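The values are calculated or read from the model by the stated rules, or taken from the named source; none is laboratory data. Model, not experiment: these values are computed from the prediction. Virtual Cβ from ideal backbone geometry, glycine too; neighbours counted across all protein chains shown. Quick note on the areas: whole protein, heavy atoms, side chains included, nothing else; ligands and nucleic acids left out. Shrake-Rupley method; radii C 1.70, N 1.55, O 1.52, S 1.80 Å.
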Amino acid sequence: RSDAAGRLWFVGADGQRAPAPALVLPEALMPGAGEAPEVVVDPVFEQSGFIYVLYTRQLSGTSPTRQLVRYRAVEERFAEPAVLIDALPARPGDTGRLAIGGDQQLYVALGDAGTEPAEAASYRGKVLRIALDGTTPVDNPFLSPIFAGGLRQPLTLAWPSEPESLWIADLDASGTLG
């Protein structure tokens, strides 16, 4: 479980939250954004201990950015951070979603950060697809982490019964679900 202050807790099978956070994100989150980090658990968590966290940060004197970090569970805490992708575009109220697909790859959906149109090489308004170790899969369509584009404000990622079909709920410029 995570909250907008960037703290993550272990929650037991009984639904009770541990008394102390298992992780407090190292940088300040965007003030007033109210955006909780996106967290997904590795499909083989019992063996790997990995979680993946996508969060927005704003260091002193800089523009907000997102960072995708893998952590390992170590003695009731998350430690051993490995930054998989850094300096992803962000702005207040912008969305970022994280999921693991049926192909065991990480999918990161990013809003367009209020700009239009995004350059082809920019990560704004795109879905990124990376391996769980942060590398780019060789079967990505653009030989980069970019998997798909044209997003405004992605809300969720889902795979129907065919694992190769990714569905994205996205808001257009007027706020209409498209």
Highest to lowest packing among 144-150, 8-14, scored as the average C-beta count within 10 Å: 144-150, 8-14
Computed accessible area, ARG72, all protein chains, 1.4 angstrom probe, square angstrom: 80
Average projected area [Cα convex hull, the chain], square nanometres: 11.4
Surface accessible to a 1.4 Å probe, per residue, for the residues of the chain, Å²: 52
Area projected by the alpha carbon convex hull of segment 77-169, averaged over all directions, nm²: 6.9
Portion, in percent, of the accessible area of the chain that falls on carbon or sulfur, probe 1.4 Å: 54
Largest-first ordering by accessible area, 1.4 Å probe, given options VAL138, VAL24: VAL138, VAL24
